[in-house]
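Please read the structure below before turning to the comments.
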Amino acid sequence: IALTPAQAQKSLAALVAELLARPGCDLSEAFVSLLQQFPAVDCLESPLEDSTPPGQQTEPELVKTDEQPDRHRVYHRLAETLEELGCLDEAAQAYQRSIQLQPQSVPSVVGLSRVVERSRTLEKEPSRAKDEAVAATRQASQLNGSEDSNLTPADHSPLATTREKTKDLLHLLDNLWTQKTGSPPRAQGDLLPNFLGIGAQKSGTTWLYAMLKKHPQIYLPPNQKELMFFDSEGTYNTLGIEGYKTFFKPGNSPAVKAVGEITPGYLWTSPFGAANHQFDEFRATTPKRVYQALGADLKLLVLLRNPVQRAISAYLHHLNRRRIPVGKSILDFGHKFGILHMGFYSKHLFHWMDYYPRKCFHIAIYENILKDKDAYFKDVFDFLEVNNNYQPSEPDKLYNKPFQYQATDQGISMVIDQENRTVINRTEIQALYEIYQEEIHQLEQLFNLEVSSWKSASETCKN
């Protein structure tokens, strides 16, 4: 819905009122004073007014920061308001601040792109831009009960007033939201993970488990790689957090600094496209459960593999286990078991980043690790704050015995019932690259990841 400048300013005031109503917000006099300089902030005097009949007043719904950290959303809403006001430079600043707090905030990235494009358009057509700004200013003055035919954007307009104060507002919002978010503290004596390996499936996580487990300062459950606790409703409800703790018993070794577990299904959390894919809604709240149980300082290890190759590997795995009928195309059956859905990595990472900032993630590319394992070990050990000079033994050992298949001119073939069959043809492989083309671009641009090897359908599909 298009807002007039006056309506947009009132929307900004409503946002500020919401901030003032949040528990635990220690607002300085300077902050309140600044807010009161914005036009149409009279609603600050009674921020909880609504249309509820007298005698039926209800408590306002407040966002609890310990359940859903949302600092980036404040800046996103501020950016939308500024964009409606026509303050494109300031809107861009607010969108950028939102992205800094949550680098994969899709709405903010889209908003920033939209503002940049609008700015370019206005630069190309300055006369039209000036006319539109003058018209908006006159409309605002009429809504405020005054008329001045000489108003211009450069002198008396509410837009210019807002523009002058936005940088100060952003600065004070920064101070407001750098307060403690209220993440649940760990109880004294609890031995719970301070890191998790969350995925992706079929991307080398079994190898990672074997390598990390050898480090004398790292503890992983010795007999079970995948606990599947936070993403399995049955396990979560049956075992409970007390049962989960029993997996972490490193003894009295003072050397252990990093305690964790690796369950590659944890990454698969976004309901993106769920209408077209088999998806358990319980997964969508996995990051929230992790945050509530393990706190805000958790470190998250992520291995990502070419999503086309990962999908092919997953399809062959399920085909080999006879969960997929022979002859069924990967394109027809890819909606099951997360075969295709897991490969939309950015969507799942976005979902996790509602609870954890980018600095909590160590994201590595499977294909790049194969080129230099020693560099990866040093980097990940630094991230976990353990001795980075340790060299795990047998780094080239295969830990998942691959089943037999071949890459041929026709596609991917494997022996089924003593007959060599082409199970994925080249046309289907090309279609998979088209499905993931935008996803690969998003990962490269938004996460600054080196994934150039993922862009060619000519790459050999390896298990």
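The values are calculated or read from the model by the stated rules, or taken from the named source; none is laboratory data. Because the structure is a prediction, the values reported are computed rather than measured. Cβ placement follows ideal geometry from the backbone for every residue including glycine, while neighbour counts extend to all protein chains displayed. Note: areas computed on protein heavy atoms with side chains; ligands, DNA, RNA excluded. Shrake-Rupley method; radii C 1.70, N 1.55, O 1.52, S 1.80 Å.
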Arg358 vs. criteria closer than 17 Å to Leu449 by Cα and at pLDDT below 95
yes
How about region 233-257: which of its residues are modelled with pLDDT of 90 or more and loosely packed, with under 11 Cβ neighbours inside 10 Å?
Gly234, Asn237, Thr238, Glu242, Thr246
Note down all Cβ pairs under 7 Å where the first residue falls in region 259-283 and is at positive phi and modelled with pLDDT of 95 or more, the second is of a type in the set (Lys, Arg) and in a helix (DSSP H, G or I), and they're at least six residues apart or on different chains.
none
Scan region 323-377 for residues that are part of a loop (DSSP other than H, G, I, E, B), open to solvent by less than 30 Å² (accessible area, probe 1.4 Å), in contact (Cβ under 8 Å) with a residue 60 or more places away in the chain and more than 27 Å from Val110 (Cβ to Cβ) and jot them down.
Ser329
Selection count where residues are in contact with a helix residue (DSSP H, G or I) (Cβ under 6 Å, 6 or more places away or on another chain) and either of a type outside the set (Gly, Ala, Ser) or open to solvent by 30 Å² or more (accessible area, probe 1.4 Å) (or both), scope region 267-285
7
If only one of Leu384, Leu398 is out of contact with any Ser or Thr (no Cβ under 9 Å at 6 or more places or on another chain), at pLDDT 80 or above and surrounded by fewer than 17 Cβ atoms within 10 Å (Cβ to Cβ), which one is it?
Leu398
So, in region 405-453, of the ones that are of a type in the set (Phe, Trp, Tyr) and under 30 Å from Arg322 (Cβ atoms), which residue ends up surrounded by the fewest Cβ atoms within 10 Å (Cβ to Cβ)?
Tyr433
May I ask you to list the residues in region 212-231 that are buried (at least 22 other Cβ atoms within 10 Å of the Cβ), outside any loop (DSSP other than H, G, I, E, B) and not β-branched (Val, Ile, Thr)?
Leu212, Tyr219
